[in-house]
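The values are calculated or read from the model by the stated rules, or taken from the named source; none is laboratory data. Here the structure is a predicted model, which is why all the values come from computation and not from measurement. Cβ coordinates were reconstructed from backbone atoms using ideal geometry, including for glycine residues, and neighbour counts include every protein chain displayed. In case anyone asks, the SASA skips ligands and DNA or RNA and just uses the protein heavy atoms, side chains included. Shrake-Rupley method; radii C 1.70, N 1.55, O 1.52, S 1.80 Å.
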Amino acid sequence: LPHVSWHSLSRAQSKMQNDKGEVVDLYLPRKCSATNRIINAKDHASVQINFAKVDPVTGKAIPNEFVTYAICGIVRQQGESDDSVNRLAERDGLIHKVF
């Protein structure tokens, strides 16, 4: 990891920068794959699921190849996460129509 130091011009403009002066953020917010909402850092009910891509010949997972879905807590609270994951997986060609 490169050395990272705080560089502050003003309180409103302070950003994390590395030695080269490039801005590096330690926290990158995720977006819900189902609703496109930004998932807040305090949303402890949110989940991120990786579905492995499978080699059709061998039937084994292909290393380091997967599709990632992030589901926010409100979708899970409403009981819509299973439908959302099915819809997203169908859209991406991972599964065929399941209902």
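The figures follow:
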| item | result |
| --- | --- |
| Selection within the stretch 20-36 - in contact with a strand residue (DSSP E or B) (Cβ under 7 Å, 6 or more places away or on another chain) and among the charged types (D, E, K, R) | D25, R30, K31 |
| Pair list, Cβ < 7 Å and 6+ apart or interchain, from the stretch 70-99 residues that are farther than 21 Å from R30 by Cβ to residues that are buried (at least 16 other Cβ atoms within 10 Å of the Cβ) and at pLDDT below 95 | I95/A89 |
| Residue check, I49 part of a loop (DSSP other than H, G, I, E, B) and touching a helix residue (DSSP H, G or I) at 6+ places or on another chain (Cβ under 9 Å) | no |
| Number of the exception - E65 against (1) part of a strand (DSSP E or B); (2) open to solvent by 100 Å² or more (accessible area, probe 1.4 Å); (3) of a type outside the set (A, V, I, L, M) | (2) |
| Test: C72 is at pLDDT 95 or above and touching a Ser or Thr at 6+ places or on another chain (Cβ under 6 Å) | yes |
| Qualifying positions in the stretch 1-45 - modelled with pLDDT of 50 or more, within 30 Å of V67 (Cβ to Cβ), out of contact with any helix residue (DSSP H, G or I) (no Cβ under 9 Å at 6 or more places or on another chain) and open to solvent by 90 Å² or more (accessible area, probe 1.4 Å) | E22, D25, L26, Y27, L28, K31, N36, I38, K42 |
| Selection count where residues are open to solvent by less than 60 Å² (accessible area, probe 1.4 Å) and aliphatic (A, V, I, L, M), scope the stretch 50-62 | 2 |
| Pairs, first free of Cβ contacts under 8 Å to residues at least 12 places away in the same chain in the stretch 26-40, second open to solvent by 70 Å² or more (accessible area, probe 1.4 Å) and outside any loop (DSSP other than H, G, I, E, B), C-beta under 6 Å, six or more apart | I38/K31 |
| Of all residues in the stretch 71-99 being surrounded by 15 or more Cβ atoms within 10 Å (Cβ to Cβ) and of a type in the set (A, V, I, L, M), the one that is farthest from S33 (Cα to Cα) | L94 |
